[in-house]
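What follows is a single structure, written as structure tokens, with notes after it.
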Amino acid sequence: MPTDDVLQELFSIRGKVAVVTGGTRGIGLMIAEAYVRAGAKVYVSSRKADVVADTERALSELGECVGIPADLSTESECRRLASEIRGREEKLHILVNNAGATWGAPLDEYDDAAWDRVLDLNVKGVFHLTRFLRPQLEAASTDDDPARVINIGSIDGIHVPIMETYAYSSAKAAVHQLTRHLAKRLAPKVTVNAIAPGPFESKMMKATLESFGDSIAAGAPMKRIGRPEDMAGVAIYLASRASAYVTGAIIPVDGGIATCA
């Protein structure tokens, strides 16, 4: 049986370097703050430079955080962000692909612009940034503790959502399959897993929770909406040596909602 010291080290990410995209709000910010508090050096990125700067200042009061603005819906911006990281870090232990967008509209009004906006960021952005940062991830890998890619999917990629968010649910299902595909390709130096969140307090979920939050919570087996520590726990587990033998997994963090489909 491992000693207490060994168990504490098993779940430690202290000294690791992480990139969290979409790390300035919602689930991305929950993960970024958890990593900073746990002793990792965290790079956060999102589109708006002023918001990135505000997040960098706030999280730097808790630990080590650097902000780099980027619009990851384009291949060129994914390449630029990877180049920025490469210029600062020889090794990258953790990449969290969280940046995402959603769009809701009636079926008859759902056009190409909606699909392009969502798929470019939610799927292609995940793929491009992962491939451009692969050399830094592989440089951080050891036999006992491979580098990590953690993709943020959604339970909407597992069950059919209530809202008419056709591109979003399709994109998140694609992220789940891309996770499995990359997991096979990048092993053994990099593990690739996905978190499939249910409802959490975030800007993306704000309108939905204001309208349906009570009924969503009542319908969940755990009878509540997700809390920041719920996301922090699974994100730290997937980034730590405790998960070194886990790859290609899609982990719902949804209070059991996906079991009710």
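The values are calculated or read from the model by the stated rules, or taken from the named source; none is laboratory data. Everything quoted here is computed from the prediction, not taken from an experiment. Quick reminder, even Gly has a Cβ in these numbers, built from the backbone with ideal geometry, and neighbours come from all protein chains shown.
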Within segment 90-115, considering residues that are surrounded by fewer than 18 Cβ atoms within 10 Å (Cβ to Cβ) and modelled with pLDDT of 95 or more, the one nearest to the chain's Cα centre (by Cα): 91
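Those residues that are outside any strand (DSSP E or B), charged (D, E, K, R) and either closer than 27 Å to residue 198 by Cα or in contact with a strand residue (DSSP E or B) (Cβ under 7 Å, 6 or more places away or on another chain) (or both), I need them from segment 27-53; list them, please. Spell out how you get there, then give the answer.
Here is the first cut: in segment 27-53, the residues outside any strand (DSSP E or B) are 27-40, 46-53.
Imposing the further condition that a residue be charged (D, E, K, R) reduces the set to 33, 37, 47-48, 50.
Correct list: 33, 37, 47, 48.
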Scope segment 138-161; condition closer than 17 Å to residue 247 by Cα and under 16 Å from the mean Cα position of the chain (by Cα); matching residues: 147, 148, 149, 150, 151, 152, 153
Quick test of your reading of the structure: residue 12 fulfils all but one of (1) part of a helix (DSSP H, G or I); (2) surrounded by 14 or more Cβ atoms within 10 Å (Cβ to Cβ); (3) more than 18 Å from the chain's Cα centre (by Cα); (4) not aromatic (Phe, Trp, Tyr). Name the failing condition by number. (1)
Is it true that residue 50 is exposed (fewer than 15 other Cβ atoms within 10 Å of the Cβ) and either under 16 Å from the mean Cα position of the chain (by Cα) or under 30 Å from residue 165 (Cα atoms) (or both)? yes
Could you list, in sequence order, the residues of segment 18-47 that are surrounded by fewer than 24 Cβ atoms within 10 Å (Cβ to Cβ) and either touching a Leu at 6+ places or on another chain (Cβ under 6 Å) or among the charged types (D, E, K, R) (or both)? 25, 33, 36, 37, 41, 47
Of 27, 85, the only residue that is closer than 16 Å to residue 136 by Cα and of a type in the set (A, V, I, L, M) is 85
Take segment 160-202 and flag every residue that is more than 20 Å from residue 136 (Cα to Cα), at pLDDT 95 or above, surrounded by fewer than 23 Cβ atoms within 10 Å (Cβ to Cβ) and charged (D, E, K, R). 180
State all residues of segment 203-235 that are farther than 25 Å from residue 177 by Cβ, at pLDDT 95 or above and of a type in the set (A, V, I, L, M); if no residue qualifies, say none. 232
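When the residues of segment 131-166 are filtered to those that are outside any helix (DSSP H, G or I) and among the hydroxyl-bearing types (Ser, Thr, Tyr), which remaining residue is farthest from residue 198 (Cα to Cα)? Before you say what the answer is, go through the steps one by one.
Taking segment 131-166 first, the residues outside any helix (DSSP H, G or I) are 141-154, 158-165.
In the following step, the residues that additionally are among the hydroxyl-bearing types (Ser, Thr, Tyr) were identified as 141-142, 154, 165.
Working: 141: 31, 142: 33, 154: 6, 165: 15 Å.
Residue satisfying both the conditions and the ranking: 142.
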Any hit, segment 236-247, residues being at pLDDT 90 or above, crowded, with 18+ Cβ neighbours inside 10 Å and over 20 Å from residue 32 (Cβ atoms): yes
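This table checks each residue for (1) in contact (Cβ under 8 Å) with a residue 24 or more places away in the chain; (2) in a loop (DSSP other than H, G, I, E, B); (3) out of contact with any Pro (no Cβ under 6 Å at 6 or more places or on another chain).
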position	(1), (2), (3)
79	yes, no, yes
84	no, no, yes
96	yes, no, yes
105	yes, yes, yes
122	yes, no, yes
129	yes, no, yes
Subset tally (residues that are of a type in the set (A, V, I, L, M) and out of contact with any Ser or Thr (no Cβ under 8 Å at 6 or more places or on another chain)) for segment 187-201: 1
